[in-house]
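Written below as structure tokens is the structure these notes are about.
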Amino acid sequence: MSDRPIKLERDEQHMFNVRVMVAGVFILFALLGILGRVYQLQVSDYAKYFDLSVQHYQKRIPIPPNRGQIYDRNGVLLADSHTQYVLEVVRDNIGDENGDGKSTLADVDLFVERLGTLIPLVEKDVRLFKTQARRFKYQPIPLRGNLTEEEQAVLAVNAPRFRGAKVVKRMERYYPLVETASHVIGYVGRIDARDLERVDKIEYTGTTHIGKSGVEAAHEDRLHGKAGFELIEVDAHGKKQKEVGKEEPVGGQELFLGLDINLQIVAENLLKNERGAIVAMDPSNGEVLALASVPTFDPNLFINGISQKDYSALREDPGRPLFNRALQGTYPPGSTIKPMVGVAGLIEGVITPGSRVYDPGFFRLQGQKHAFRCWNKKGHGSVDLKYSIQQSCDTYFYDLAYRMGIDRFSAGMRQFGFGEKTGIDLPAEASGLMPSKEWKEKRHKRSWFPGDTVNIGIGQGYWLATPLQLAHATTIMANRGVRLKPHVLRGVRTARNQDESILKPEPFPSVEAKDNYWTLTIQGMENVMRPGGTARSSGDGASYRIAGKTGTAQVFGLAGGKYNAKRIAKRLRDHALFVGFAPADNPKIAVAVIVENAMGGGGTAAAPLARKLMDAYLLQQYGENMLKPAGAVVHQEPVSETPPADAEKTTPKKKKQGGE
Amino acid sequence: MINSLLPSWLIVALQRVDAVLLAALSLLIFLGLATLYSASDGEIERVQRQMVHFSIGLGVMLIFSQISSKTLRQWSIWLYGIGVVLLILVLLIGVTKKGATRWLYIGIDIQPSEILKLAVPMMLAYYFSEKPLPPRFIDIVIALVLVLVPMLLVMKQPDLGTALLIATSGFFVIYLAGMSWWLIGGAITFVTVAAPLLYFFGMHDYQRRRVDTLLNPESDLLGTGYHIYQSKIAIGSGGAYGKGWMQGDQGHLDFLPERHTDFIFAIFGEEFGLVGNLILMGLYLFIIWRGLYLASKGEDTFARLLGGSLSVSFFFYLFVNTGMVSGMLPVVGVPLPLVSYGGTSVVTLMMAFGIIMGMKKRKRIYQRDG
């Protein structure tokens, strides 16, 4: 019986019919079971449920939680909530407005129109109100916020004519520091239909605002809290009879950012009248100490829907204040990445600490005529890595990148975080671009040329990075390979746990390199700040040791002529960049600075800002005495030729490149 | 006369549609639209959108009724394979809403678990049609694996409701294929023992709360229990004859955000009473019977197993939904078939009925070798 090779159609049909009949009987009984249950509800217990339905409607009134505050690392308040008077309407209580005997959406339109003659209404709010009115018939829906005392009085006098409308006290957000750090803090705005799709509708029924950008959006879950509910019994007229139950709301968490607001203010002031970004991080834990993008904007404008006029002004401002340059701006990193390239070259064995390259003032691919020029036309002569960093010798890095090849180069720079999002807890971060062979073939339908690799070697060409990525890569340098995820949220305090709990930094795989590789490269960066270095004037008189690197990003390629910042239009001037950390022997702060279309190169336009920021942080935080004096201990390397501090930028006569 | 009004291809196509089943379905659809109109507070736009869903559904039904069991059989492996791959993609790169990762973004968000509701019974029907029946033990084990793979993938999203529906659609095929009564008895005993274990060790907190709420709804009046409690009041206050169409008031309170979808049965019960429920259940029973009848007239084993399983699944949706709304089963997001508002549910159900019609033996019009 067990092995029957032949399938018998007739047997199978018969068995199927039996199975179907058994299933049919089962189904019949199951549906009878349901009907039995319905009989129990509708006939046996009819009286009970009828009473419940007629005498007491139960209503559940949501109580919105208080949104958590946001503080900086020292407890300075960045985002707070204050009391505000809001006009709310319960649709069911409007009743029959047009007198056709039914309460419908047409009545809502009429009601709103009538209210509009009493106090001014905002069209956007009205639209949102009507969308919500379709959905919620028995819940209060906000129609107008920010009621003045006069408006409240007018409404109070006319209350009998507007059954269903009620003025209530609500907590509303405001940002006391106005334009400071607005790109980090972000703002809340009225909940719209798109927000409703991604949140728990029940949790948000009483809530009117939600995080739209910055920390407010990234940490919405923490800030919102948990809604409470009041369960009340009402009579047939909707009047409250008694409270049946109540669940108190739980307020949102209080957030402490890693941001030092004093340092943030210094950073924003340094960029005053410029366009640019400064990112400062604590290398030991990945906390963002300052993240400035200038110009900034006033987040308070957005809370109750920004007016068309204000919005156009922000949109049409050529400085693009809404654009967060630190996170979303992608720039060619220029020479700032030379130390990281040096470490990658050492790891791969393309160069050694002692290996030298002869720089005649240009680099030429074998058999090709085109010369890739070093900024110093006379050439630096025979140079090693340390000296090439100090002098920002282009030829050395052309040669290094070419011999390394784009694949290994790209992989090495990815270890420093280039070409991918850092994963910071802020929305809308750009990933920048670390070009590869595959990328170019896909994007430009052309194969990768060795010349492309040469340009990449000095941070030009297709390579794009955000200021945050540069600061992140600089922390990896400062930490000698240890890579931590940048983050702005430092700690939280909850209603239950009053102690501020500090979040642990999230580690990435480290960049593994021999200790002397780091030492050598960092020494090169320290020499940048000393006589003979490209940022020597910014290193002058520092009471602590600084490691840094200047850079210039081309906006406009000149075919042959000499670059002269004064003679070309401001928008076409180069960007000035600087990265660095201090104290070099015990890093407390890592900084990336970019000044768009600057009047000078990295050495004159960006490095001084970084120095002032470091002074502001370190001298205030640790005092002069805790830091070692710089000049006394360190041995100076003799430098044959002292370039003008700004020389680096008088160079490039490369072809027009991407990334402007 | 009518013949001259319609193009000939349509007349041929219409011959595959089962008129009896179509008539019963139309009646149900009509009842559903009337209830939906009431549940939407007279908002006609929503009813119009649902009518669009039904029009698409009828078109899809017509198309699928043309497909023979032989053709559908060949699709089984592909549909199942693609479905499982999509489920894996959901876990890797899916779209997350409200804590559940169920969607893939391809211009719009699609929910691949819907495909498996059809693909799993097709795959199993295909598998058993190749084997001697009643199935050997090893075949049942393999079939169970074919069910468990997509089921576990969907549970991981997490979407317990859909996972349950996918699993049962597979079990029905195994049952109809002739799994021995002894094994069935053993399995039921096992589940009875395993259920408490699952409750204590295998559930998310929110799922456990739902079960708690079911066992004692009054204990959680501020949360899920509130919905069940209110829907019981709505049904119960309808009484034997109901409050009349558009006359219900309980159901129109804001107690349910889903009163036109999952909880529409409460509105129906309140307005049409026990009499209405008797008619509704009678109509459903008739549709299920007709589906099973058509399945038993199926072309071959694959046709019978697939048609039978889809019919029983239709019953199962009905049972889970009405059981939930009347407070006998836990709250699982399953719509009342062909009554609840929702495009996906309407179109896939109509597709299933198209398939059931298509499974019926074809009359031999041409005797090739005769």
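Which condition does residue B:222 not pass, out of (1) within 11 Å of chain A (Cβ to nearest Cβ); (2) modelled with pLDDT of 75 or more; (3) more than 19 Å from residue A:46 (Cα to Cα); (4) outside any helix (DSSP H, G or I), if it passes all the others?
That leaves (2) as the condition not met.
Report yes if some residue within region A:95-103 is within 11 Å of chain B (Cβ to nearest Cβ) and on the phi < 0 side of the Ramachandran plot; otherwise report no.
Here is the first cut: in region A:95-103, the residues within 11 Å of chain B (Cβ to nearest Cβ) are A:102-103.
Those left that are additionally on the phi < 0 side of the Ramachandran plot: A:102-103.
Yes.
When only residues in region A:12-32 that are within 8 Å of chain B (Cβ to nearest Cβ) and either among the basic types (Lys, Arg) or over 18 Å from residue B:313 (Cβ atoms) (or both) count, which is surrounded by the fewest Cβ atoms within 10 Å (Cβ to Cβ)? Break it down into steps so the answer makes sense when it comes.
Here is the first cut: in region A:12-32, the residues within 8 Å of chain B (Cβ to nearest Cβ) are A:12-13, A:15-17, A:19-20, A:23-24, A:27-28, A:30-31.
Going one step further and asking which of them are either among the basic types (Lys, Arg) or over 18 Å from residue B:313 (Cβ atoms) (or both), we end up with A:12-13, A:15, A:17, A:19.
Working: A:12: 21, A:13: 15, A:15: 17, A:17: 13, A:19: 23.
Step by step, filter region A:12-32, then rank; the result is A:17.
Using the structure shown, decide if residue A:255 is closer than 30 Å to residue A:580 by Cβ and in contact with a strand residue (DSSP E or B) (Cβ under 9 Å, 6 or more places away or on another chain).
Working: closer than 30 Å to residue A:580 by Cβ: yes; in contact with a strand residue (DSSP E or B) (Cβ under 9 Å, 6 or more places away or on another chain): yes.
In short, yes.
Looking at residue B:270 and the list (1) at pLDDT 75 or above; (2) of a type in the set (Asp, Glu); (3) outside any helix (DSSP H, G or I), which single condition is not satisfied?
Residue B:270 satisfies all of (1) at pLDDT 75 or above; (2) of a type in the set (Asp, Glu); (3) outside any helix (DSSP H, G or I) except (3).
Take the conditions in a loop (DSSP other than H, G, I, E, B) and either on the phi < 0 side of the Ramachandran plot or not small (Gly, Ala, Ser) (or both) and apply them to residue A:147. Does it pass? Steps first, answer last, please.
Working: in a loop (DSSP other than H, G, I, E, B): yes; either on the phi < 0 side of the Ramachandran plot or not small (Gly, Ala, Ser) (or both): yes.
In short, yes.
So which helices (runs of 4 or more DSSP H) stay within region A:350-451 end to end and still have 2 or more residues that are within 16 Å of residue A:340 (Cα to Cα) and more than 32 Å from the chain's Cα centre (by Cα)? Before the answer, list the steps.
Working: elements: A:385-391, A:394-404, A:406-415, A:437-444.
Because the criterion is at least 2 residues that are within 16 Å of residue A:340 (Cα to Cα) and more than 32 Å from the chain's Cα centre (by Cα), the helices (runs of 4 or more DSSP H) in region A:350-451 that meet it are A:385-391, A:394-404.
Can you tell me which residues in region A:464-497 are part of a loop (DSSP other than H, G, I, E, B), under 17 Å from the mean Cα position of the chain (by Cα) and closer than 19 Å to residue A:410 by Cα? So that I can check it myself, show each step before the final result.
Taking region A:464-497 as the starting set, the residues that turn out to be part of a loop (DSSP other than H, G, I, E, B) are A:466, A:479-483, A:485-486, A:488, A:494-497.
If we keep only those that are under 17 Å from the mean Cα position of the chain (by Cα) too, we end up with A:466, A:485-486, A:488.
Passing the criteria: only A:466.
Which numbered condition in (1) closer than 30 Å to residue A:275 by Cβ; (2) in contact with a strand residue (DSSP E or B) (Cβ under 6 Å, 6 or more places away or on another chain); (3) not polar (S, T, N, Q) is the only one that residue A:491 fails?
(1)
Look through region A:173-211, keep the residues that are in a loop (DSSP other than H, G, I, E, B) and of a type in the set (Gly, Ala, Ser), and return whichever of them is surrounded by the most Cβ atoms within 10 Å (Cβ to Cβ). Spell out how you get there, then give the answer.
Quick first cut of region A:173-211, residues in a loop (DSSP other than H, G, I, E, B) only: A:175-181, A:186, A:191-192, A:199-200, A:205-208.
So of that shortlist, the ones also of a type in the set (Gly, Ala, Ser) come out as A:181, A:186, A:206.
Working: A:181: 30, A:186: 26, A:206: 19.
Among those residues, the one meeting the criterion is A:181.
Any idea which residue in region A:190-219 is nearest to the other protein chains (Cβ to nearest Cβ), counting only those that are among the charged types (D, E, K, R) and closer than 20 Å to residue A:257 by Cβ?
We begin by selecting, within region A:190-219, every residue among the charged types (D, E, K, R); these are A:190, A:192, A:194-195, A:197-198, A:200-201, A:203, A:212, A:216.
Retained after the next criterion (residues that are closer than 20 Å to residue A:257 by Cβ): A:212, A:216.
On the way: A:212: 18, A:216: 20 Å.
For region A:190-219, the residue satisfying everything is A:212.
Being under 18 Å from residue A:35 (Cα atoms) and more than 8 Å from chain A (Cβ to nearest Cβ), is that true of even one residue in region B:287-300?
There is at least one residue in region B:287-300 that is under 18 Å from residue A:35 (Cα atoms) and more than 8 Å from chain A (Cβ to nearest Cβ).
Report, by residue number, each residue of region A:348-362 that is of a type in the set (A, V, I, L, M, F, W, C) and farther than 28 Å from residue A:513 by Cα. Step through it out loud before you land on a result.
Of the residues in region A:348-362, the ones of a type in the set (A, V, I, L, M, F, W, C) are A:350-351, A:357, A:362.
Matches in region A:348-362: A:362 only.
So that you can scan it fast, the table gives a plain yes or no per residue for (1) part of a helix (DSSP H, G or I); (2) within 22 Å of residue B:266 (Cβ to Cβ); (3) at pLDDT 95 or above:
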{"residue": "B:9", "(1), (2), (3)": "yes, no, no"}
{"residue": "B:17", "(1), (2), (3)": "no, no, no"}
{"residue": "B:23", "(1), (2), (3)": "yes, no, yes"}
{"residue": "B:28", "(1), (2), (3)": "yes, yes, yes"}
{"residue": "B:34", "(1), (2), (3)": "yes, yes, no"}
{"residue": "B:42", "(1), (2), (3)": "no, yes, no"}
{"residue": "B:46", "(1), (2), (3)": "yes, yes, no"}
{"residue": "B:50", "(1), (2), (3)": "yes, yes, no"}
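Can you say whether residue B:87 is over 30 Å from residue B:14 (Cα atoms), hydrophobic (A, V, I, L, M, F, W, C) and assigned to a helix (DSSP H, G or I), as far as the supplied structure shows?
Numbers: over 30 Å from residue B:14 (Cα atoms): yes; hydrophobic (A, V, I, L, M, F, W, C): yes; assigned to a helix (DSSP H, G or I): yes.
Here the answer is yes, as residue B:87 does meet what is asked.
Give the residues of region A:329-349 that are part of a loop (DSSP other than H, G, I, E, B) and not hydroxyl-bearing (Ser, Thr, Tyr), sorted by residue number.
Step one: of region A:329-349, the residues part of a loop (DSSP other than H, G, I, E, B) are A:329-330, A:332-333, A:349.
Passing the criteria: A:329, A:332, A:333, A:349.
State all residues of region B:161-190 that are in contact with a Gly (Cβ under 9 Å, 6 or more places away or on another chain) and away from every other protein chain (no Cβ under 12 Å); if no residue qualifies, say none.
B:161, B:162
Cβ-Cβ below 6 Å, separation at least six or inter-chain, first residue in region A:137-151 and away from chain B (no Cβ under 14 Å), second in a loop (DSSP other than H, G, I, E, B) and not polar (S, T, N, Q): which pairs?
Pairs that qualify, where the first residue is away from chain B (no Cβ under 14 Å) and the partner is in a loop (DSSP other than H, G, I, E, B) and not polar (S, T, N, Q), are A:144/A:121; A:151/A:119.
Which numbered condition in (1) within 10 Å of chain A (Cβ to nearest Cβ); (2) over 21 Å from residue B:64 (Cα atoms); (3) surrounded by fewer than 24 Cβ atoms within 10 Å (Cβ to Cβ) is the only one that residue B:279 fails?
Against the list (1) within 10 Å of chain A (Cβ to nearest Cβ); (2) over 21 Å from residue B:64 (Cα atoms); (3) surrounded by fewer than 24 Cβ atoms within 10 Å (Cβ to Cβ), residue B:279 comes up short only on (1).
Filter region A:462-487 down to the residues that are more than 19 Å from residue A:517 (Cβ to Cβ) and surrounded by fewer than 24 Cβ atoms within 10 Å (Cβ to Cβ), then identify the one that is modelled with the lowest pLDDT. Please lay out each step first, then the result.
Within region A:462-487, the first condition is being more than 19 Å from residue A:517 (Cβ to Cβ), and the residues that meet it are A:462-472, A:484-487.
Next, from what is left, pick out any that are surrounded by fewer than 24 Cβ atoms within 10 Å (Cβ to Cβ): A:462, A:464, A:484-485, A:487.
Details: A:462: 89, A:464: 94, A:484: 93, A:485: 93, A:487: 94.
So, considering only residues that are more than 19 Å from residue A:517 (Cβ to Cβ) and surrounded by fewer than 24 Cβ atoms within 10 Å (Cβ to Cβ), the one modelled with the lowest pLDDT is A:462.
Residues A:155, A:110, A:118, A:143: which one is among the hydrophobic types (A, V, I, L, M, F, W, C), at pLDDT 85 or above, farther than 23 Å from residue A:201 by Cβ and surrounded by 17 or more Cβ atoms within 10 Å (Cβ to Cβ)? Write out each step before concluding.
Values: A:110 fails: surrounded by 17 or more Cβ atoms within 10 Å (Cβ to Cβ); A:118 fails: surrounded by 17 or more Cβ atoms within 10 Å (Cβ to Cβ); A:143 fails: farther than 23 Å from residue A:201 by Cβ.
Result: A:155 is the single residue among A:155, A:110, A:118, A:143 that is among the hydrophobic types (A, V, I, L, M, F, W, C), at pLDDT 85 or above, farther than 23 Å from residue A:201 by Cβ and surrounded by 17 or more Cβ atoms within 10 Å (Cβ to Cβ).
Show the residue pairs that are 6+ apart or on different chains and have beta-carbon atoms under 8 Å apart, the first residue being within region A:331-359 and at positive phi, the second being β-branched (Val, Ile, Thr) and not in a helix (DSSP H, G or I).
A:334/A:458; A:334/A:552
Of the residues A:655, A:612, A:628, which single one is at pLDDT 65 or above and either among the polar types (S, T, N, Q) or surrounded by fewer than 24 Cβ atoms within 10 Å (Cβ to Cβ) (or both)? Quick ask: steps written out before the conclusion?
Values: A:655 fails: at pLDDT 65 or above; A:628 fails: at pLDDT 65 or above.
Going through A:655, A:612, A:628 in turn, the sole match is A:612.
Check B:97, B:70 and return the single one that is within 14 Å of chain A (Cβ to nearest Cβ) and either surrounded by fewer than 18 Cβ atoms within 10 Å (Cβ to Cβ) or at pLDDT 90 or above (or both). Explain how you work it out, then say what you get.
Working: B:70 fails: within 14 Å of chain A (Cβ to nearest Cβ).
The unique qualifying residue is B:97.
The values are calculated or read from the model by the stated rules, or taken from the named source; none is laboratory data. Remember, it's a predicted structure, so these values are computed and weren't measured experimentally. FYI the Cβ positions are ideal-geometry reconstructions off the backbone, even for glycines, and counts take in every protein chain you see.
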